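Notes follow the structure.
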Amino acid sequence: MKTRKLATLSMLLAIALILAYIEALLPQPYPIPGMKIGLPNLAILLTILTIGSKEALMISLLRILSVSLLFGTFLTPSFLISLTGGILAWASMSLFARQDLFGPLGLSILGAVFHNIGQTIAAFMLMGTAGVFYFLPWLILASIPFGILTGIPVYIIHTRNLFQYNRERTYHKEDDDPSIQP
Amino acid sequence: MLNKRDLILIAALIVIALGSLAIILLNIDRPETGTVVVRVSDQVEAEIPLEGNALTDFAGVFGPFTVEIRDSQVRIREATCPDQYCVQQGWLDNTSSSIICLPNQAVIEIKGEEQLDGVSR
């Protein structure tokens, strides 16, 4: 792995981690268990759109692993539920990003919906109660505003080209910032 | 910001969510009497009748928690788990849903009595 790629991916992982931390600090007054804004998804979607799906999966898995180690939930049911949700969200977003069907906001909503579907299926298998599906319609409805909320920064960054990553990037004259010169 | 297909996706999701919500809410059963089943790690810890007022303590995987029954409803009154989602979830009064405490691996469900006299309804 090239140094430039390693540094970029590390930065995106750091963004995903800090967003997970901010989300944990927010109050959770919701009566629906498992309802979250899904801020870390912002970094995953940005990675899919700017670098690639494979790299996004790597960041998603490392984020879930790091968060579970930091919060002490490694290998507990909540870790396995996050993992299933994270993988399904990544799969749905990278699949539809390739099809070029939806914009960043649509992809973000789709990721949120599939995250909730994955979490619910994992919770059903782990806890053995179909009662978890009772919350799924509410979670899908909440995915729409929460998906839009996390999608807006991705939309702005992506459409205004604020974050560019080229595999074959070489030195350009316009890169007069000495910190990013090769 | 939202293109046409994004809007179609949103509309489809709203229809799916509201449709399944309607199916769930139309079939919801809020029994006056029944049984409260408390499970920890897939083991049935207790089956308490859903009547009167009762407080029962349980040992979860993470720590102790207290189940309260009042007015044909059940809730986790107190728990030592860090996230407290189970306590915030509040009262459960129907057979469709359940209260879940992930750190304690605890599930609380209400079983109605119509399993026995469903024919006579």
- Task: Between A:ASN116, A:ASN161, A:ASN41, find the one with the highest GNM mean-square fluctuation for chain A; connect C-alpha pairs within less than 10 Å.
- Result: A:ASN161
- Under the Debye formula (equal points on every Cα, no solvent term), log10 I(q)/I(0) of region A:21-94 at q = 0.11, 0.16, 0.23 Å⁻¹: -0.28, -0.59, -1.13
- Positive-end residue of B:THR66, A:GLY52, B:VAL15, charge dipole of the protein assembly as shown with Cβ unit charges: A:GLY52
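Could you work out the local net charge near A:LEU26, counting Lys and Arg as +1, Asp and Glu as -1, over the other residues with Cβ closer than 15 Å to its Cβ? Walk me through the numbers before you get to the answer.
Numbers: positive: A:LYS36; negative: A:GLU23, B:ASP83.
So the environment of A:LEU26 carries a net charge of -1.
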- Report the percentage of all Cα-Cα pairs in region B:1-64 whose separation exceeds 20 Å, rounded to a whole percent. 60 percent
- Simple spin-label estimate for B:LEU55 and B:SER41 in nanometres, 7 Å along Cα-Cβ: 2.7 nm
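Given Cα positions, please report Rg to Rh for chain B, the hydrodynamic radius being the Kirkwood one.
1.11
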- Pick from A:ILE140, A:ILE121, A:ILE32: which is most flexible by mean-square fluctuation in a GNM of chain A where alpha carbon atoms under 10 Å apart are linked? A:ILE32
- Env charge @ A:GLY128, Cβ radius under 11 Å, K,R +1 / D,E -1, value -1
- So between A:LEU101 and A:ALA7, what do we pick up on full extension, going 0.36 nm a residue minus the alpha carbon distance? 30.8 nm
- Query: Mind checking the mean number of beta-carbon atoms from other chains within 10 Å of the Cβ atoms in B:99-106?
  - Reply: 5
- Message: Please compute the alpha carbon radius of gyration of the protein assembly as shown, then divide it by the globular-protein estimate 2.2 N^0.38 Å. Two decimals is fine.
- Response: 1.17
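What does the charge dipole of region B:1-109 about its Cα centre add up to, to the nearest 20 debye, if the Cβ of each Lys and Arg holds +1 and the Cβ of each Asp and Glu holds -1?
That gives region B:1-109 a dipole magnitude of about 560 debye.
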- Two-decimal Rg/Rh of region A:67-159 from alpha-carbon positions, Kirkwood Rh? 1.02
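Where in chain A are the DSSP H helices whose alpha-carbon span along the long axis reaches 20 Å or more and whose Kyte-Doolittle mean is at least 0.5?
What comes out of the filter, once short or polar helices are dropped, is A:3-25, A:53-71, A:77-99, A:104-127, A:136-159.
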- Query: What's the average, rounded to a whole number, of partner chain beta-carbon atoms within 10 Å of each residue's beta-carbon in A:96-108?
  - Reply: 3
- Note on the structure: Mean-square fluctuation maximum in Gaussian network of chain B, Cα pairs under 10 Å, restricted to B:ILE14, B:ILE69, B:ILE23, hits B:ILE14
- Query: Expressed as an acute angle from 0 to 90° and rounded to the nearest 10, what is the orientation of the C-alpha long axis of helix B:4-26 relative to the principal long axis of chain B?
  - Reply: 30 degrees
- Hey, what number do you get for chain A at 222 nm if only DSSP H runs of n ≥ 4 count, each worth -39500 (n - 2.57), divided across all residues, to the nearest 500? -23500 deg cm²/dmol
- Note on the structure: Net charge (Lys, Arg +1; Asp, Glu -1) of residues whose beta-carbon lies under 12 Å from that of A:PHE146, A:PHE146 excluded, is 0
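Taken together, the values in this text are just the output of simple stated rules run on the coordinates, not laboratory data. What you are looking at is a predicted structure, and each value in this text was computed from that prediction instead of being measured. All Cβ positions, even for glycine, are placed from backbone atoms using ideal geometry, and neighbour counts span all protein chains on display.
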